[in-house]
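Notes to accompany the following structure.
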Amino acid sequence: MSFEKVSVVGLGYIGLPTAAVIASRGIEVIGIDVSEKAVNTINQGKVHIVEPDLDMVVQAAVNVGKLRATLTPEPAQAFMIAVPTPFKDGHKPDLSYIQSAAKAIAPVLEKGNLVILESTSPVGATEQLAEWLAEYRADLTFPQQVGEDADIQVAHCPERVLPGRVLEELVSNDRIIGGMTKRCSERATALYKTFVRGECITTNSRTAEMAKLTENSFRDVNIAFANELSVISDELKINVWELIALANRHPRVNILSPGPGVGGHCIAVDPWFIVDSAPESARMIRTAREINDGKPDYVIQQVSKAADEFKRPVIACLGLAFKADIDDLRESPALDITAKLADMNIGEILAVEPNIHELPPKLLDKAISLVSLKDALDKANVLVVLVDHKQFKAMTSADINSKVVVDTRGLFSNK
Ligand code: SAJ
């Protein structure tokens with residue numbers, strides 16, 4: 001059976017591009033979100049998030065009437081849930097957004113519908129979603145059955161796109177599809193085949209959940225290794241960038257880059273889901289998280305030492321985003337470091353972030369000025385490179401002349 005009407009629940013960094021891409025294939029897409037502002041913006045053909053080319057794809061889909069957003073769910077053949085899965089205190093996964101989505105769509109579900117969980121989730125979350133759907137449908141005309149005879153098919157298909165390259169990766173990446181049953185996987189595969197050019201590989205829901213967590217944990221562990229090497233290299237007076245470049249010349253070695261810590265809402269979060277599920281066994285995954293979370297304090301110590309060299313230190317923090325060339329400040333170590341430096345009162349703090357126009361709430365009540373790169377280079381005697389934005393990569397050794405540089409991204413390792 002082909003899909004004529006699909007609903008996407010949660011119109012954020014993943015849901016909105018997914019909705020727009022499916023709509024661009026000629027399928028009618030209804031986007032559901034709890035934010036009235038997001039719904040209104042999308043219905044005007046505009047976007048509320050920054051992602052290259054997304055504005056064009058959304059505008060086109062809305063203009064031809066294939067995409068529309070609403071606050072209240074309505075019937076569709078398939079529902080794709082792309083809501084946040086943050087963690088609560090003690091690094092425990094918070095599934096409340098998935099639960100709310102289940103509650104919202106349950107009344108409009110019809111026999112034979114497909115429900116896909118796209119949100120990165122701890123192992124067991126898809127089974128839990130099926131149980132919630134059953135619970136919220138219990139009093140209705142046909143209750144959702146869990147298991148082989150389920151009248152609603154439930155599957156997990158974790159999103160895997162890289163912020164900044166979402167539209168391209170949504171179509172070209174392979175997809176892992178973990179159905180609650182074989183039939184669920186087949187239906188879900190049919191839906192993804194309408195817009196995915198990569199391969200769709202089927203498994204069960206628990207393995208699909210774990211596969212996504214494993215991908216991000218692999219990266220976290222590799223970055224932790226690089227971060228540990230950077231601290232060891234400082235102790236041993238070795239340039240860590242040169243060291244890693246040399247080691248990576250080996251055909252079977254591929255070490256990622258050290259930095260000021262790991263940010264974003266994925267790699268800094270997902271490994272904790274594994275640790276929470278298997279606290280005794282997930283030793284390396286936990287340690288990697290601790291190493292990466294400890295890196296900002298190490299950077300702060302380095303800056304503090306650098307500031308001690310000056311009577312009136314003026315410290316310029318270059319970058320606030322969690323990675324290069326985006327405006328996303330979520331879980332950003334750069335933001336954290338800048339805030340803590342201001343609290344320490346060790347000098348005047350300047351912040352440079354070419355991708356935003358005003359200081360974020362977290363920095364508003366602090367003695368920090370948001371300045372241009374040029375002003376920072378004119379005034380500062382200590383430069384702290386926190387993000388490798390393209391504007392910072394273009395700096396020359398003349399720009400840094402007599403300044404002390406704490407370079408967490410290796411921009412000046414060869415300059
Ligand atoms: N970082 C380093 N060193 C590196 C690479 C990254 O310190 O060598 C830091 C970045 O500066 C940033 C953080 O790690 O603070 C994460 O950045 P990222 O570019 O590695 O990843 P995300 O969080 O933008 O996206 C990841 C991707 N996962 C993988 O590459 C395995 C993406 O494909 C996932 O869809 C996304 O997580 C997600 O939603 O889970």
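The values are calculated or read from the model by the stated rules, or taken from the named source; none is laboratory data. Predicted, not measured: the structure shown is a model, and the values here were computed from it. All Cβ positions, glycine included, derive from the backbone under ideal geometry; neighbour counts span all protein chains shown. For the accessible areas, the whole protein counts, side chains as well, though only heavy atoms, and no ligand, DNA or RNA atoms are used. Shrake-Rupley method; radii C 1.70, N 1.55, O 1.52, S 1.80 Å.
Remarks
- Filter on Lys212/Lys366; Lys111/Lys193; Lys92/Lys295; Lys362/Lys393; Lys237/Lys393 - keep pairs with C-alpha separation over 28 Å: Lys212/Lys366
- Met395 - accessible surface, heavy atoms, 1.4 Å probe, Å² rounded to 10: 0 Å²
- Linear extension gain, Lys311 paired with Arg25, 0.36 nm per residue minus alpha-carbon span: 96.7 nm
- Proportion of all alpha-carbon pairs of region 215-328 beyond 23 Å (%): 39 percent
- Mean residue ellipticity at 222 nm, helices only, the chain: -12500 deg cm²/dmol; runs of at least 4 DSSP H residues each add -39,500 (n - 2.57), and the sum is divided by the number of residues.
- A straight chain from Asn40 to Phe225 at 0.36 nm per residue would run longer than the Cα-Cα distance by 62.1 nm.
- Fraction of the pair-distance distribution of the chain above 43 Å, Cα-Cα pairs, percent: 19 percent
- Restricting attention to region 1-104, close to 15% of DSSP beta bridges with both partner residues there are antiparallel.
- Compactness of region 214-407 was expressed as the Cα radius of gyration divided by 2.2 N^0.38 Å, which yields 1.05.
- Taking amide hydrogens as placed 1.01 Å from N in the peptide plane, the amide H of Ala351 sits under 5 Å from those of Cys317, Ser369, Leu370, Val371, each at least 5 positions away in sequence or on another chain.
- Inter-probe distance in nm under a simple model that places probes 7 Å from Cα toward Cβ, at Asp174 and Lys390: 3.1 nm
- Taking amide hydrogens as placed 1.01 Å from N in the peptide plane, the amide H of Phe87 sits under 5 Å from those of Asp94, each at least 5 positions away in sequence or on another chain.
- Accessible area of the chain divided out per residue, in Å², using a probe of 1.4 angstrom: 46 Å²
- Annotation: aspartates and glutamates with alpha-carbon distance below 12 angstrom to Lys311 (same-chain offsets under eight excluded): Glu348.
- Normalised by 2.2 N^0.38 Å, where N counts its residues, the alpha-carbon radius of gyration of region 245-293 equals 1.38.
- In this entry, region 265-355 is assigned a mean projected area of 6.7 nm², taken as a quarter of its C-alpha convex hull surface.
- Counting every alpha-carbon pair across region 154-274, the share separated by more than 19 Å comes to 59%.
- Per-atom-type breakdown for region 268-315 gives carbon and sulfur 48% of the accessible area (1.4 Å probe, protein chains only).
- Three semi-axes of the equivalent ellipsoid, region 5-198, Cα gyration tensor, whole Å, largest first: 25, 18, 17
- Residues of type lysines that Lys46 reaches as a straight line, Cα spacing below 16 Å, ignoring anything fewer than 8 places off in the same chain: Lys37, Lys66
- Annotation for region 1-50 versus region 309-325: alpha-carbon center distance of 38 Å.
- Evaluating 6.51 cos²θ - 1.76 cosθ + 1.60 at θ = phi - 60° for every residue in region 250-256, the Karplus couplings come out as 5, x, 10, 10, 8, 8, 6 Hz, glycine and proline recorded as x.
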